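The values are calculated or read from the model by the stated rules, or taken from the named source; none is laboratory data. This structure is a prediction, so every number in the text was calculated from the model and none was measured. All Cβ positions, even for glycine, are placed from backbone atoms using ideal geometry, and neighbour counts span all protein chains on display. Surface accessibility is based on the protein's heavy atoms, side chains included, excluding ligands, DNA and RNA. Shrake-Rupley method; radii C 1.70, N 1.55, O 1.52, S 1.80 Å.
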Amino acid sequence: MTFHTGAAAVLGEPMYKGHILAAEEINAKGGLLGKRKIETIRRRERRHRCNVKELRRMKASEKIDFFTGITSSGNTPALGPVAEELKLLTIFVDGCTDFLFDKAVPNPHYIFRITNIQSATAYVRHGDRPDLAQARKIAHIHPDYSYGRNAFDHVKIVMEQLMPGAQVVSEGWPKLGTTDFATHITKAISAKPDLLVSSVWGGDYVAMYKQALRYDMFKKMKFASTIAFGVAPHAIGKDHPEGAIAGVHSNYYFNFRRTEVAAQRHLRLKKYFDRWKEYPNFQAEGAYVTMHMLEMAIDRANRLGGGWPEDDAIIGQLENLGHSGPAGYVYFRPDNHQAYKDAVTGFSMNSKEYEFQILDPKRMITIPSATSRRLLAGPRRADLHVHLDRQDLAKVSA
């Protein structure tokens, strides 16, 4: 279940394509355990009430064994408790919000999530842009729902540590799915900030940056985004400002060449491009890895117990499971069922190789997941290899 139409589809539709690519690979070997082929039922992600109703229907009528997908963080907190109630094995590909495992499902059993929030990573390596380190007046434009609120809070926490003395001079909160950003853009410009930070995503971001160009916004301030280049790469035009920090919300961007996974990455990239005639985004990679980690868990449970494993046996193998995917290593923590992986961010640039703007391959930045967790947790927890604990999460969620 993901967005197949509308502005959000440039982020969500690749998720379905990555899932199909993995399912086809598994089915080509005979299916799961070499004998059960995957049948994919495709549904459109909508508002959470419709999604919940559809999930219940698919479990009752379609007899689904496994649920995956979801792009919006507004939907996972609604679907998570229902999946637990239905005892339905679930791996959310995205839908990042602290609220899912903090409040909605604090003790998950059946649900997991493959993508962890990377909202603060644009600031982790501010030394690559000394001019940003000197920024003192910060403006924000974020979507007015859980992900945008989380991104705003996370960035503020990191700013306090890496940019002492900086202050927020403007906040813009456009509704998710809006097409008119003029009031938010002009408000930010009037505050005369040194830096604008945004977590607007998908087609909304494409609309925002194109409107901002008409106001010369990018000439008046520096710009950093947590998820601008998380869309399908071809969605970003060459009119996009160069030199912006453009996050991808995850550990994957199609031209990032990490040595230890270069061969695997090239093979999977070619297979995806040959299949869909476009380059993948982090959602495609996340969905692809999700299916192969499920396959690994089922294989391991089978070797231990024989036959087709019960869900609890599969869950036991998913907990603590690590996997080296096209983007590198990913690991499910057993306590909160959240996957952890490094983050990638970089600087936007035009290239003669592509008809769209890309991240500069010479200026890619990798942020280990442990670094992000320490920054968000604060100095008092800097010695612990952990994510935000419940108390810290409560503060951020509030």
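Structure values in brief
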{"item": "Tally, over region 314-337, of residues that are touching a Ser or Thr at 6+ places or on another chain (Cβ under 9 Å) and assigned to a strand (DSSP E or B)", "result": "3"}
{"item": "Test: Glu62 is over 20 Å from the mean Cα position of the chain (by Cα), more than 21 Å from Phe3 (Cβ to Cβ) and open to solvent by 20 Å² or more (accessible area, probe 1.4 Å)", "result": "no"}
{"item": "Asn107 surrounded by fewer than 15 Cβ atoms within 10 Å (Cβ to Cβ), of a type outside the set (Val, Ile, Thr) and either modelled with pLDDT under 95 or outside any helix (DSSP H, G or I) (or both)", "result": "yes"}
{"item": "Test: residue in region 21-30 that is touching a Pro at 6+ places or on another chain (Cβ under 9 Å) and in a helix (DSSP H, G or I)", "result": "yes"}
{"item": "Subset of region 39-79 (residues that are touching a Phe, Trp or Tyr at 6+ places or on another chain (Cβ under 8 Å), over 20 Å from Asp311 (Cα atoms) and of a type outside the set (Ser, Thr, Tyr))", "result": "Arg42, Arg44, Glu45, Ile70, Gly74, Pro77"}
{"item": "Subset of region 268-307 (residues that are in contact with a strand residue (DSSP E or B) (Cβ under 8 Å, 6 or more places away or on another chain), among the charged types (D, E, K, R) and either under 18 Å from Ala8 (Cα atoms) or in a loop (DSSP other than H, G, I, E, B) (or both))", "result": "Glu285"}
{"item": "Hey, Asp311 at pLDDT 90 or above and open to solvent by 20 Å² or more (accessible area, probe 1.4 Å) or not", "result": "yes"}
{"item": "Tally, over region 133-182, of residues that are open to solvent by 60 Å² or more (accessible area, probe 1.4 Å) and out of contact with any Gly (no Cβ under 8 Å at 6 or more places or on another chain)", "result": "12"}
{"item": "Tabulated pairs, region 85-105, first free of Cβ contacts under 8 Å to residues at least 60 places away in the same chain, second acidic (Asp, Glu), C-beta under 9 angstrom, 6+ apart or interchain", "result": "Leu88/Asp65; Leu88/Asp311; Thr90/Glu84; Val105/Glu84"}
{"item": "Of all residues making up region 55-82, the number that are in a helix (DSSP H, G or I) and under 21 Å from Gly18 (Cβ atoms)", "result": "4"}
{"item": "Selection count where residues are under 18 Å from Tyr205 (Cβ atoms) and free of Cβ contacts under 8 Å to residues at least 12 places away in the same chain, scope region 145-179", "result": "1"}
